[in-house]
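Just below is one structure, and these are the notes that go with it.
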Amino acid sequence: MYPLPFILGVALLQKRFDIFWYAFPIVIVGAGIALYHYLLQIIPRATDFCGPSVLSCTERQTDLLGFITIPFGSLLAFIGIGTALLMLKKRSS
């Protein structure tokens, strides 16, 4: 997610509407990683390969309403950015 503000910010400043092909692959990969991390939190027994670390892959640092965690929020952000990019592509073509 970290390069997206810079890529989308430069595109906004330059009023470029062909940004879809640069940003959408990042959104797809990021959404896949966020979904994977969220599933690790939902199905904790499938994560025996995580290994010992300071933070476990299954530990929930934030838990709002019982299901909203940081990976879930990241997934929602990627879905929102992807939807906006798809709408921009449809509108500019």
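The values are calculated or read from the model by the stated rules, or taken from the named source; none is laboratory data. These numbers come from a predicted model, not from an experiment. Methodologically, a virtual Cβ is constructed for each residue, glycine included, from the backbone with ideal geometry; neighbour enumeration extends over all protein chains shown.
Laid out as a table, the results:
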item	result
Boolean, LEU35 is under 18 Å from MET1 (Cβ atoms), at pLDDT 85 or above and surrounded by fewer than 14 Cβ atoms within 10 Å (Cβ to Cβ)	no
Residue that is at pLDDT below 75 and of a type in the set (Val, Ile, Thr), where the choices are THR83, THR47	THR47
